[in-house]
Amino acid sequence: MCGIVGYVGGKLASDIILDGLEKLEYRGYDSAGIAVQTENKIDIRKKVGRLQNLSESIQEKGIEGNLAIGHTRWATHGAPSDENSHPHYNSDMTIAVVHNGIIENYMELKKELLDKGYTFNSETDTEVIPKLLDLYEEEDFFKTIQKVLKMVRGSYALGILNVKYPDTIFCARKDSPLIVGKGEKENFIASDVPALLKYTNKVYYLENGELGIIKEDSVEFFDLDGNSVEKELHEIKWTMEQATKGGYSHFMLKEIFEQPKSIEDTLKRRISDKKEILFDDINLDIEKVKDIYIVACGTAYNAGLQGKFALQKIAKIKSDVDIASEFRYSDPFVDENSLVILVSQSGETLDTLAALRDSKAKGARTLAITNVIGSSIAREADDVIYTWAGPEIAVASTKAYTTQVTVFYMLALYFAKKKACIEEKEYNRILDNLLAVPKQVEQILAKDNEIMKMAEKMIDCQHGFFLGRGLDYSVAQEASLKMKEVSYMHTEAFASGELKHGTIALIEQDIPVLAITTQESLFEKSVSNIREVKARGAFVISITQEKNADLVKQVSDEVILIPDIDDLIAGITCVVPLQLMAYHVSTLRGLDVDKPRNLAKSVTVE
Ligand code: M6R
C-alpha cells in the first residue's frame, strides 16, 4: 500500500522519481506527489488521481534538482485529494515526508500539535510526522528523527527531506517495506525492487527499527538509538525485462502467459534430475507435526485451499486454511506441534505477517511460501520456500497463485515420502503429472482467442457463478475472485452440491455459470448439478479435461477443454482459462485491468 521512491545523484531527480513511481503504481494509485530539493527550498508538487496527472504537471513546469522523494498513494486516512497526497510538510515547507503505513496514535499526536498552535492541511495520519519533526527540531536533525519515531506507534516506511541537509535523504522503516539501492555516484530508496531495477540491482533491505542516511556517495544505517548498523548488500537477479510489459498490452496478460516458465522455474529449483524433491533446508521434523495451519489472504488464501487438499490427500496430515485477518482472532489451537504455513506473494501483507508473529509466539514452527526474496515474511519465518514467479506487477495475482499451488504439491510429496506414507509408484505418478504442468499450461494458453470469444458473451452480465466440487470448488473460489476484482462483475463461487440449499434461487435466464468438472470421483454428481442450473435457464460454460468432453458438451453451452491430467493436479491447470476469461471480460469492458479500482497490490494495513 503506497509506494515510495527517493533519489540522490547527478541526474534530474524528477525524471527518476516519476519513472520509479510508475513501477510502484501497483501499490496504490489514488494520487502521486514529489518533493525536490532545489536551491534553498523544497519544491513540492502533488496531484490526485493517476501518476499521469503529476507527470503532466511536471511536463508543463519542470522542477530542477538532483535530490527528491516521491509517493504514490493508496488512501487510508482521508479521501483521495491533492491535500491528502504525499509529501506532507511543515508550515514553512523546510521538511517534507513521504510515508507508507499507518500512524496508529496520530489522533493523540495531532491533538498535542493542535494545542501547540500547529494547523493541518490534510486529514492524513502522516501529516503529524513533519509537524513533530518541526516541533522537536534540534541542531542534529537525525536525532530529531529518532526522537519522533520513538513517539509514533504503527507502521512506517519513510523518506524525509530537510532543506538544511540539501545532500541527504533520511529514511526509516517499521513494518512497511523499504529498500536502499546502491548506484555509482547515486543512491536510491524505494518500497520495492522494480522501481530501481533500471538503475541498480544492488540493494540493502532495511529491517524494522532501522534508519538510513542516504547521500550521493554514501549510505549509512543506524538503529533507533543512533548506533551504526552494518548491512549486507544483496544482488537482485530479476531483470528489467521481467518488470516491464515486454510487448503485452497489460501486465496481467503477460503474467498469465509467463506461467509455463514460472511454474517450471519453481519446479526446477526444488526437483533434482533424479526426481528427488529438495526441501532438506527446511529445518523441520515432520513426524512431530500434528497439524498444519495455512494462513493467507486473497488469492494466496485460495492457493492454500488447494494446499490443504494436497497435504491431506498426499501427505495425510490434518490441515486447515484460514484467512489471515480472521486467524489471529479465532484463538487457533496453535502450539509447538503445529506447522503454520504463511502464503504471500509480496511477503509484506500485514495480516499474514501478524499471523506469523502470533504463531511464532505460540511456539509453532513457521514456513513461508513467498515470491519476494528478503520480504518481511520471508525474513521472519523459520523457513522459506520461494516461488520463482518473477515480479508480479498486475494487481490481480495469477502466476503467483499457480506457483504457490505448485509448491504445495511438492511439499505434500516431500512430506509423504518423509513419513513413508506414499508408495514409490504413486509418488512418481503424481510427480510426473506435476512436471507435465508447464507444457499443459502452454497448450491452454493457445486457446486464448477461443476464451476471448466466450468472454464477449459476458460483457453485459451483472452477475455470475462459479461452481465446483472438491478441489474444483477451491479453483472456483479463485476464479470468482479474479473475475470480481478485474471486471467488477458480481460473481460468487459455490460448492455445486450446496446450490440447492438456497443459492439456486438466484439462477435465472441467461445468467452465466462457469462450471469446473475435473474430479473423476465427483464427475457424475457435478454433471447433475450442471443440469440443474441449465434447466433453470443458466448459460453454462464448462471447464473440464479432454477425456470428459463428450458428456460435458451435452450439458453445457460452451466448453473449455484442458489436457488430461491427474485430477489432483488439475487445479493448477484449470484455473488458467479462468484467469484469461477474467482478463478479457475486464478489457472488453474497457476497464483498467492492471489497476482495478479501490485496490492495491500490497496490503500493508490491517
Ligand atoms: O502479497 P499477498 O499474496 O500476501 O497478497 C494477498 C492478497 O492481497 C492478494 O492475493 C489479492 O487478493 C490479489 N489482488 C488477488 O488477485
How many residues, within region 164-178, are in a strand (DSSP E or B) and touching a residue at least 40 places away in the same chain (Cβ under 8 Å)?
-> 6
Out of all the residues in region 152-163, is one or more touching a residue at least 24 places away in the same chain (Cβ under 8 Å) and either of a type in the set (D, E) or assigned to a helix (DSSP H, G or I) (or both)?
-> no
Restricting to region 335-345, what's the tally of residues that are over 20 Å from I385 (Cβ atoms) and in contact (Cβ under 8 Å) with a residue 40 or more places away in the chain?
-> 1
If E380 satisfies every condition in (1) within 25 Å of E478 (Cα to Cα); (2) surrounded by fewer than 23 Cβ atoms within 10 Å (Cβ to Cβ) but one, which is the exception?
-> (1)
Kindly indicate whether any position in region 515-527 is among the charged types (D, E, K, R) and modelled with pLDDT of 90 or more.
-> no
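Yes/no matrix, rows are residues, columns are (1) touching a residue at least 40 places away in the same chain (Cβ under 8 Å); (2) outside the structural domain of G537 (by TED's automatic domain parsing); (3) closer than 22 Å to Q306 by Cα:
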| site | (1), (2), (3) |
| --- | --- |
| W388 | yes, yes, yes |
| A394 | yes, yes, no |
| T403 | yes, yes, yes |
| Y409 | yes, yes, yes |
| I430 | yes, yes, yes |
| D448 | yes, no, no |
| M458 | yes, no, no |
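Yes or no, residue by residue, for (1) surrounded by fewer than 24 Cβ atoms within 10 Å (Cβ to Cβ); (2) farther than 21 Å from H250 by Cα; (3) at pLDDT below 95; (4) assigned by TED's automatic domain parsing to the domain that holds H77:
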position: G9; (1), (2), (3), (4): yes, yes, no, yes
position: L12; (1), (2), (3), (4): yes, yes, no, yes
position: L18; (1), (2), (3), (4): yes, no, no, yes
position: K23; (1), (2), (3), (4): no, no, yes, yes
position: R27; (1), (2), (3), (4): no, no, yes, yes
position: D30; (1), (2), (3), (4): yes, no, yes, yes
position: E39; (1), (2), (3), (4): yes, yes, yes, yes
position: D43; (1), (2), (3), (4): yes, yes, no, yes
position: Q59; (1), (2), (3), (4): yes, yes, yes, yes
Please enumerate the residues belonging to region 562-594 that are in contact with an Asp or Glu (Cβ under 8 Å, 6 or more places away or on another chain) and either assigned by TED's automatic domain parsing to the domain that holds L413 or surrounded by fewer than 21 Cβ atoms within 10 Å (Cβ to Cβ) (or both).
-> P563, D564, D567, L588
If you scan region 361-386, which residues turn out to be outside any helix (DSSP H, G or I) and hydrophobic (A, V, I, L, M, F, W, C)?
-> A364, L367, A368, I369, V372, I373, A381, V384, I385
Subset of region 121-143 [over 22 Å from N208 (Cα atoms) and surrounded by 15 or more Cβ atoms within 10 Å (Cβ to Cβ)] = S122, T124, K131, D134, L135, E137
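Yes/no matrix, rows are residues, columns are (1) among the small types (G, A, S); (2) in contact with a His (Cβ under 7 Å, 6 or more places away or on another chain); (3) buried (at least 24 other Cβ atoms within 10 Å of the Cβ):
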site	(1), (2), (3)
I145	no, no, yes
V163	no, no, no
I169	no, no, yes
S176	yes, no, yes
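Sort out which residues of region 472-510 are assigned to a helix (DSSP H, G or I) and at pLDDT below 95, and write them in order of number.
Hits for region 472-510 are S496, G497, E498, L499, K500, H501, T503, I504, A505, L506.
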All positions within region 443-488 that are within 16 Å of the ligand (Cβ to nearest atom) and surrounded by fewer than 23 Cβ atoms within 10 Å (Cβ to Cβ) | Q477, L481, K484, E485, Y488
For E104: the one exception among (1) under 25 Å from P596 (Cα atoms); (2) touching a strand residue (DSSP E or B) at 6+ places or on another chain (Cβ under 6 Å); (3) free of Cβ contacts under 8 Å to residues at least 60 places away in the same chain = (1)
Taking F222 and the conditions (1) assigned to a helix (DSSP H, G or I); (2) modelled with pLDDT of 95 or more, which numbered condition does it fall short on, given that it satisfies the others?
-> (1)
Considering only region 511-573, give the helices (runs of 4 or more DSSP H) lying wholly within it that have at least 3 residues that are more than 21 Å from I444 (Cβ to Cβ).
-> 523-534
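The values are calculated or read from the model by the stated rules, or taken from the named source; none is laboratory data. Small disclaimer: the values here were computed from a predicted structure and weren't measured. Ideal geometry is used to build each Cβ from the backbone, glycine not excepted, and the neighbour counts take in all protein chains shown.
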